[in-house]
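Visitor: Sharing a structure below in structure tokens format, with a few things to ask.
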Amino acid sequence: MVKELVVAVALGVLNTALVMLSIVGNAGGTTVGTALQTLIFWILSLVPLFVSGLGFGVRSAVISVLTSVVVAAFAINMDFALAYAVISGLPGIFLVRQALLWQESDGVKYWYPADYLLMWWAGICIGLTLLAMGLLQWDDALRQALVDGFDQMLVQMTEIQGVAPALTGVEFVAMLPQFMGPMWGMFILLSGCLAQGLLVRFNRNLRPTPELTKMALPNWLALAFIGATVVSVLLDATVPLLGAVVITLEILFFLQGMAVIHVVSHRWNGRPFILGAIYVATVMMLWLVLIIAILGLMENWVGFRRRFAPAPRQEED
């Protein structure tokens, strides 16, 4: 018990230290290198919280979050500490709690499935979007500061490129929440995956890694994705909540599309190289993400994995 408490507290302190490193990096300038450094530290800052939870349990995750809040309150300020707890600590604790759920039948332990976890994650993304919308509505000073900052950035871009931007600072800030929720949700998801991989490497994971190839999103979610996309196109207007729903569901069906590719690719020669090329291509060509998301959407009715499933002895994630 004492050992677990010490580990949980240490991971909470490490979390805050990484957050502070990201803030220090962001204060150094606005170059691409600085932005990348800040992004990496933001993602890494969440990993200790998931290591604590997925490696030692929900109670350990709660202790780590509370430790992080206390340290951040003294090292930065109380407002930042509480905000970070809401946007990082609480989602992390909730996802850890869901991930560690299991049922036993005939001596076999069945863990909470990946598709259910991802649907809860999608709900967190929408919740973060609503939080961002509420914050911008409530805090006029913050909203105006963002508008002024983006207006200044757009003026600089106009001077450098000689082309007037299509959006004003006010319009850009109005669109911001629809990207902030899913983007921060992606940070949370990546951090959880990194933490689970680290725990598996050292044989400290409490549950097996969820199998991507077996995730199966429900048909009602596919219909919701189609409906939200159609409404978004027809409105042709900035509706942050609707935009966040479309982006979040696109990410979900992209993951299902990748699950299809992983199963179908068992029949391909040079499979590791092809999969590697696909992952690299999705980073370099974002339109490919939409293509793979459509593939994942079609899976609900076509059933590619069922048609091209490998023999049991060949199956792997």
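Visitor: At pLDDT below 95 and in a helix (DSSP H, G or I): does that describe GLN137?
Guide: Yes, satisfied.
Visitor: Residue by residue through segment 60-83, note down the ones that are open to solvent by 20 Å² or more (accessible area, probe 1.4 Å) and in contact with a helix residue (DSSP H, G or I) (Cβ under 8 Å, 6 or more places away or on another chain).
Guide: Within segment 60-83, VAL62, ILE63, LEU66, THR67, VAL69, VAL70, VAL71, ALA73, ALA75, ILE76, PHE80, LEU82 qualify.
Visitor: Further question: Return the only residue of LEU234, LEU252, LEU223 being in a helix (DSSP H, G or I), in contact (Cβ under 8 Å) with a residue 40 or more places away in the chain and either surrounded by fewer than 20 Cβ atoms within 10 Å (Cβ to Cβ) or among the aliphatic types (A, V, I, L, M) (or both).
Guide: LEU252
Visitor: Now, a different point. Exactly one condition in (1) open to solvent by 20 Å² or more (accessible area, probe 1.4 Å); (2) of a type outside the set (A, V, I, L, M); (3) farther than 20 Å from VAL19 by Cβ; (4) in a helix (DSSP H, G or I) is not met by GLN103; state its number.
Guide: For GLN103, the exception is condition (4).
Visitor: Which pairs have Cβ atoms under 6 Å, sit 6 or more apart or on different chains, and link a residue in segment 174-189 that is small (Gly, Ala, Ser) to one that is outside any helix (DSSP H, G or I) and at pLDDT below 90?
Guide: ALA174/THR238
Visitor: Here's a follow-up. Please list, ordered by first then second residue, the pairs with beta carbon atoms under 8 Å, 6 or more apart or interchain, first in segment 262-275 and over 11 Å from ARG305 (Cβ atoms), second part of a loop (DSSP other than H, G, I, E, B).
Guide: ARG267/PHE308; ARG267/PRO310; ILE274/TRP268
The values are calculated or read from the model by the stated rules, or taken from the named source; none is laboratory data. Remember, it's a predicted structure, so these values are computed and weren't measured experimentally. Using ideal geometry, Cβ is built from the backbone for each residue, glycine included, and neighbour counts are taken over all protein chains shown. Side chains included, ligands, DNA and RNA excluded: accessible areas come from the protein's heavy atoms. Shrake-Rupley method; radii C 1.70, N 1.55, O 1.52, S 1.80 Å.
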